[in-house]
Amino acid sequence: MPTPHPLTPSRRRRLPAGIASCAAIALFALAGCGSSSHADGTEADPATAVPAAAPLYLAVDVRPSGSERTGALAAGKELTGRPDPFASLLALLQTPGSSKLDYKRDIAPWLGPHAGLFVQSLASAGPLLGQVTKALTSNARTAVSLGSAGGAIVMDTSNAGAARSFLATQAKGAGAHATSYRGVSYDLGTGGVAFGLVGRLAVIGSEAGLRAVIGVTQGEAALARAGAYTKLTSAAPHGAIGHLYVNPAGAKSAPGGGSSAGLPALLSGGRPANVSLLASGASLTLDVDSLASPGSSTGLLAPDPEAAQALGQLPGNSWLALGLGHAGAKLPAAVAGLSALGGLLGGQSSGAGAFSLGSLVSGLSKPLGILGARGAAAQRDFRSWMGSAGVFASGSSVLELKAAVVISSNDAARSRAAVAKLGAALRRGGNEVTRTSITGSEASMAAHLPGLPLEVDIAAGPGAGGAKFVLGLGEASVQAALAPGETLSSAPSRSAAAAALGEGNQPSVLADVPTLLALLESVGLTEDPSLSQLLPYLRATTTLAGGGRSLGGEVDRYKLVLGLKQSGGA
């Protein structure tokens, strides 16, 4: 069997933009698969040379041993179908002008146990990770342009002389010239990519990123000593192959930072978060740890007991279920996330009568956007009466499909009145809305929204556990939401999700991936370019489970476990 490289996914499988950024992070973290025979490195933590203001930092064990190594290799093989799944991650070090790299010849002689990548603004993270993913998944030889990224890769070394020789070779290929900063020499190539040995750390990145590393090694504030970082990493699970630290607030003050922290802020509620990746042949686990904020659980991945309770009230035959906790607080973030997802998936379909994943998400976003608006009128008419919320889908075929958003109400009269108010708002937006009658409901209307193949029924009525407000795809979905024959609270799927999560976590997310794929295939959506390139990875998975709890010490954890199919290969 070939010696595994430490630095990937199959070159044949391409991921769509945006989704690719997240996948690149995960696959880079899986990269730690090299031989541990060079354990004589400095054991230096790259975070000691990364600026404290960095809003995003990815750390990886590039020479793991034991269960960490075997788990990463097993998961990589299951996901990619390749016996040597991480070879092409060498593209991370493939800079413009350099010759094709060989791990044994070029990297193994000097690479130490640890490596890290940081950016100085979240705005530059997406383009950089997009380049990385293209390099990893393209058949063509592709180099990563680190010069414009506003950050750097920082690598521990086991042999400083060999590392210096490697950097000099890379710099020569990039047409670099020698320069210095604060007495430290480095090379600056075309495209702004810089190469340098800072102490015993090999650094490749933008000139600003390399200079930031030099500054930290000469006394400027280091990430490794930042309060939020140290608190979160000290709580991180043992055995993680890598971790991603995100500090959305840091993006505002970091050089080149934008005004919005984007998706990380939505997921963590704007709080610093540390995402640890654990891998095995049976599953991939993400432990998302964030700093607790008193009275705030607005992040989509913030632990919330109400979210688990909301999931338990959904129909017991659901193959997809999501508990959102308190809808009044969660809906704005959920709508923002849906809007971002709709844009990522291509937005509304341009073909007459056609629909896509993007148009589907965009269509669902319209009524939810009205309900979750931040204005005073939306607060009075909608969010003021909302309790916990859940989303479900059930049925093994399109003809049997039921799906709905279910919001509990603490004021039945106001949630009944909200049916007409939401209908009126949709009508003002140019949508066709008609009155309808649904058995079991006390008020109902039907809306025909662009991009959706079925009408969305808006209804309110008594349900299990109290009054409910429902947005359902068709009358049967509303009836299933108001009067489920059984609920997930006692369903085997929920018990299985709880077992997968462990640690006493109660699930607020569960999904059966094969059922989802079968439904998408039946309506042709697997041909959608935004999904088709992701299919090989999805087909290698079985289930998704998610749930959170407080760890104490001001740290919350949200765990996501993705089950992997077992190929039975050695």
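So if each residue of separation counts as 0.36 nm, and I subtract the Cα-Cα distance between Glu554 and Thr439, what length gain in nm does that give?
Between Glu554 and Thr439, full extension yields an extra 36.7 nm.
Amide H to amide H, which residues 5 or more places from Val198 or on other chains are under 5 Å from it, using H placed in the peptide plane?
Answer set, sorted by chain and number: Val203.
Restricting attention to the alpha-carbon atoms of the stretch 297-492, what are Rg (one decimal) and Dmax (integer), both in Å?
Considering the stretch 297-492 through its Cα atoms, Rg and Dmax are 15.5, 44 Å.
Return the long-range amide H neighbours of Ala222 (sequence gap of 5 or more, or a different chain), with a cut-off of under 5 Å between placed amide H atoms.
When sequence neighbours closer than 5 places are left aside, the close amide H contacts are Ala52.
Rounded to the nearest 0.05, what FRET efficiency do Lys565 and Ser165 have when you use their Cβ-Cβ distance and R0 = 45 Å?
0.55
Between Lys172 and Ala282, what is the spin-label point distance in nm, taking each point 7 Å from the Cα along the Cα→C-beta axis?
My value for the distance between the label points is 5.1 nm.
Give the span of the stretch 432-475's Cα atoms along each principal axis, as three whole-Å numbers ordered largest to smallest.
Cα extents, longest axis first: 33, 17, 12 Å.
With 30 Å as the limit, write out which pairs from Lys100/Lys231; Lys330/Lys402; Lys231/Lys468; Lys104/Lys559; Lys330/Lys565 have Cα-Cα distances beyond it, or answer none.
Lys100/Lys231; Lys231/Lys468; Lys104/Lys559; Lys330/Lys565
Label-point separation (nm) for Leu538 and Ala376, each offset 7 Å from Cα along Cα-to-Cβ?
Taking the simple label geometry, Leu538 and Ala376 are separated by 4.4 nm.
Suppose each label sits 7 Å from its Cα in the direction of the beta carbon; what would the Glu521-Glu400 distance come out to in nanometres?
Going from the Glu521 label point to the Glu400 one covers 1.6 nm.
Read the figures in this text as sums done on the coordinates, not as results from a lab. All values reported here derive from a predicted model rather than from experimental measurement. Please note: Cβ atoms are built from the backbone with ideal geometry, for glycine as well, and neighbour counts cover all protein chains shown.
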